[in-house]
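All remarks here apply to the structure that follows.
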Amino acid sequence: MEYRDYYKILGVERSATAEQVKTAYRRLARKFHPDVSKEKDAEARFKEVQEAYEVLKDSEKRAAYDQLGSEWKSGQQFRPPPDWGSGFEFSGGGARPGRRQRAYRGGGAGAGEFSQEDFSDFFSSLFGGETPFAQAGGGARAGRDHHARVDISLEQAYHGTTRTLELRRPQVKSDGSVALETHTVRVSIPAGVTEGQLIRLAGQGEPAAGGGAAGDLYLEAHILPHALYQLDGRDVTLTFPVAPWEAARGASLTMPTLGGAVEMQVRAGSQSGQKLRLRGRGLPGSPPGDQYVQLKVVLPPANTAEAKAVYEEMRAKLNFDPRADLAR
Amino acid sequence: MVRVTTHVLEAHVLTDSDWIGAAEICQMCRLELAAVLELGDLGLLSPRETPSGWQVPATALPRLRLIGRLMRDLGVNVSGAALAVELLEAQRALERRIRDLEALAADH
């Protein structure tokens, strides 16, 4: 795995005080928090920053991390030293000498409140569940819920879809050792899921320790942006180009919807920006959403002699002043 | 690593017919009970009373989870997080409207 330079990530010197570390973290957290940030890669950067702070804010972890030495560079290949964690006193679980465990994610008490799945392999190898730094679990404990995000297209939200997920979970073997298992789960997502909606898969969260109930897996649905439609709740909006004669005289036009093409009546005297509503043509649900069609009147270009002549005729015969009200 | 393929699982989509109790909200949204009650006072929740305590519709959860994240990650207090959430939602609505208007103005 690759070494991570937590000081560099937070933009502080190795000699930074706890206050300086905290200030740096708060500034970067505000900058990259995925819910409010417009920066690209905000989520990845935020996780990086959170992990760095998780280590540098804790005097024990920071001291242990510093012991690795300042010669390491970000991205270099790295292994924790064999006597990792020795010489530290821990408030929670003790070191288990002689146990060479592969680091794992998920389960266990571990650092802070956020999910172990968020940590890098680098962090897990140094501070994860099987290192002396993890707090003691102890006793029967219900498995925690896991949360994951699933991105679906608008069409998939409309029709429903099946999605395959890979979940990595620790499994305790009969000899007491822990191995990371990849568990493939196929989920049937029904039609009509909206942005941010939660989907529960009972019992697919963290397995229980010592007899408790397994946690649930919650998927948070995110609907990817679509080239044609804009989504708002269950409603969709489509911008629909029309010719001037179609808008002025009205027309019966074929229009796309998520469920297929439909005929729609454009009323005579329509203008750009006007919205028409196709009831029930949005995402399914009770009640289903609507499709709004925003008309966009597009002018034919006056790029041939004939076209110019037609426009000249319009000017001469229509007696039309669009600025009549402006002069007031 | 051992791969184990399971059957297709039926997912239960949480809708406004699913009611979530206070304890579950605290766990799922990682909020303290005091914070959840304060959000109720601020009018962000429309709970119903049942014999087993009060409940909110599951459709409130994404918003509550967002509040939980803002409070935890950015150190915002309850009223700050509530205000932030309302502003973020208003911002998204405005962005949608802007995209509509830009679609009108764009070259065809």
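The values are calculated or read from the model by the stated rules, or taken from the named source; none is laboratory data. A quick note: this is a predicted structure, and the numbers were derived from the prediction, not measured. As a convention, Cβ positions derive from the backbone with ideal geometry for all residues, glycine included, and neighbour counts pool all protein chains shown.
Of all residues in segment A:284-317, exactly one satisfies the criterion of being more than 12 Å from chain B (Cβ to nearest Cβ) and in contact with a helix residue (DSSP H, G or I) (Cβ under 7 Å, 6 or more places away or on another chain), namely A:Ala302. Selection over segment A:249-274 of residues that are within 17 Å of A:Tyr229 (Cβ to Cβ) and exposed (fewer than 13 other Cβ atoms within 10 Å of the Cβ) gives a count of 3. The residues on offer are B:Pro62, B:Pro47, and the sole one that is under 11 Å from the mean Cα position of the chain (by Cα) and modelled with pLDDT under 90 is B:Pro62. Tallying residues that are among the aliphatic types (A, V, I, L, M) and either under 15 Å from the mean Cα position of the chain (by Cα) or assigned to a strand (DSSP E or B) (or both) within segment A:206-230 yields 6. Each residue in segment A:1-47 was checked for being in contact with a Gly (Cβ under 8 Å, 6 or more places away or on another chain), of a type in the set (D, E, K, R) and away from chain B (no Cβ under 12 Å), and 1 pass.
A single entry from B:Ala106, B:Ala90, B:Ala23 fulfils the requirement of being exposed (fewer than 12 other Cβ atoms within 10 Å of the Cβ), hydrophobic (A, V, I, L, M, F, W, C) and in contact with a Lys or Arg (Cβ under 9 Å, 6 or more places away or on another chain): B:Ala106. If you go through segment A:57-78 and keep only what is more than 15 Å from A:Ile9 (Cα to Cα) and not in a loop (DSSP other than H, G, I, E, B), you end up with A:Ser59, A:Glu60, A:Lys61, A:Ala63, A:Ala64, A:Gln67, A:Gln77. For segment A:182-205, a tally of residues being more than 8 Å from chain B (Cβ to nearest Cβ), more than 30 Å from A:Gly280 (Cα to Cα) and under 21 Å from the mean Cα position of the chain (by Cα) returns 1.
Among the criteria (1) surrounded by 10 or more Cβ atoms within 10 Å (Cβ to Cβ); (2) modelled with pLDDT of 95 or more; (3) farther than 28 Å from B:Asp16 by Cβ, the one A:Ala305 does not fulfil is (1).
Yes or no: A:Ala243 out of contact with any Leu (no Cβ under 7 Å at 6 or more places or on another chain), surrounded by fewer than 18 Cβ atoms within 10 Å (Cβ to Cβ), within 14 Å of chain B (Cβ to nearest Cβ) and at pLDDT 95 or above? Yes; evaluated as a whole, the condition is true for this residue. Confirm whether A:Glu246 is in a strand (DSSP E or B), more than 31 Å from the chain's Cα centre (by Cα), more than 22 Å from A:Thr194 (Cβ to Cβ) and not aliphatic (A, V, I, L, M). Judged against the criteria, A:Glu246 is not a match. A:Ser15 meets all of the listed conditions (1) within 21 Å of the chain's Cα centre (by Cα); (2) outside any helix (DSSP H, G or I) but one, namely (1).
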